[in-house]
1. Would you calculate a helix-derived [θ] at 222 nm for the chain, using -39,500 (n - 2.57) for each DSSP H run of n ≥ 4 and dividing by the full residue count, to the nearest 500?
2. Of the listed values (i) 23, 36, 23, 14, 4, 0; (ii) 30, 47, 21, 2; (iii) 26, 52, 21, 1, grab the one calculated as P(r) over Cα pairs in 20 Å bins from 0, in percent from the structure here.
3. Go ahead and run the numbers for FRET between K312 and H203, Cβ-Cβ distance against an R0 of 56 Å, rounding to 0.05.
4. Tell me the label-point distance for the pair L69, R4, using the 7 Å Cα-to-Cβ offset, in nm and rounded to one decimal.
5. How big is the antiparallel share of DSSP beta bridges in the chain, given as a percent to the nearest 5?
6. Quick check on the exposure proxy: order L69, L197, L219, L229 from fewest to most C-beta atoms within 10 angstrom.
7. If I model a spin label as a point 7 Å beyond the Cα along the Cα-Cβ vector, how far apart are those points for R265 and K164 in nm?
8. Multiply the residue gap between L212 and K257 by 0.36 nm, knock off their C-alpha separation, and tell me the result in nm, one decimal place.
Amino acid sequence: MVTRDDVAKRAGVSVAVVSYVMNNKNNVKETTRQKVLQAIEELGYNPNQTARSLKTKKTGQFGVLFNSLGNPFETGISLGLEERARQTGQSLIFQTYIPSEEDKLRTIFMGRTDGLLLMGQSLKPETLVYFGKIGIPVYSITTPAKAHSSVRCIDIDWREAMFKLIEHLKSLGHTRIGFMAHSSLEHHLHVRFVHFLKAMEAHGLDFHQNDLLHGGGQLEMAYANMTKLLQKSRELPFTAIVGANDLMGIGMLSACKDSGLSVPRDLSVAACENILMASHTTPGLTTLHYPRREIGFKAFDMIMQEAGSGGKAADYTMGCELIVRLSTGEARK
């Protein structure tokens, strides 16, 4: 069995330095930290191997990787995860994902978790391979933009969901529909844009590239960019617009209100997720309902099952309901 001494010798450092790196201390130079991480990976060192040989073999903890702790969509999912974890006597470790610091995840979760739950992040292949080597299964709630064979996904059927939404808008006479997306093609919200485009095509509608706006998944950015567009002209080329998430949909609603544009008379606005705020806007936001609590339950059950039995489950897809509120109406003439 590989020991901490072996890692120290391979990296050319002391055992204490190896311990500092494994405990994510900030008193180690980045070059030294990388040497230690490389030695750990080369040797396949797992500090939890000894514990795994004992009777329990498990930590009783699961990691959850957030994009933003302030995002109510992710918070709603985490409530479901936490409830299920508590019911089963397990604990959760929450961590915010920062792409430039992805390598630190290895030391943060190594030996501390029985599995890792993503919120749609596209982790680097080498990170996923590393977790696979040390026996940490990785699941993702919402589908990452970059798929990886080792990551199981739990999500709604976005193809069906977007088809329903475009069908609703088309029935109201909308034939030119805009979209507010995330600017990063690696963000999980990009998956929704891809299915939006497929739904438009399925309904025989053309999408114009000039009708694509970016809101970074944030209410504030969506508000700012929609306001900027309306300052140029209140005569928009599209009669309806869909936000990749509710925060952007709410940001667009606020921008329309402050710019004197009437929703839905002048512009219909719809979005995705059905967070609590979506039902409290004026007008209420038409949106695709994402069953956050139920998906949190299912994801936790699946990852616990694999962590216990070692058998990997298949991807899991739930259905989706379209919630029609007053933000969508007949297309302006």
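What follows draws every value from the coordinates through simple rules; no lab data is involved. Just so we're clear, the structure is a prediction, and the values are computed from it rather than from any experiment. Positions of Cβ are generated from backbone atoms using ideal geometry, with glycine treated the same way; all protein chains shown enter the neighbour counts.
1. Values: 12 runs with 138 residues, N = 333.
Calculated mean residue ellipticity at 222 nm is -12500 deg cm²/dmol.
2. Calculated P(r) over Cα pairs in 20 Å bins from 0, in percent: the matching label is (ii).
3. On the way: r = 36 Å, r/R0 = 0.65.
E(calc), rounded to 0.05, equals 0.95.
4. Distance between label points: 2.8 nm.
5. On the way: 3 of 36 bridges.
Here the share of antiparallel DSSP bridges comes out near 10 percent.
6. Values: L69 11, L197 14, L219 22, L229 17.
Ordered by Cβ neighbours within 10 Å, fewest first: L69, L197, L229, L219.
7. 3.1 nm
8. Details: separation 45, 0.36 × 45 = 16.20 nm, distance 2.05 nm.
My answer for the length gained is 14.2 nm.
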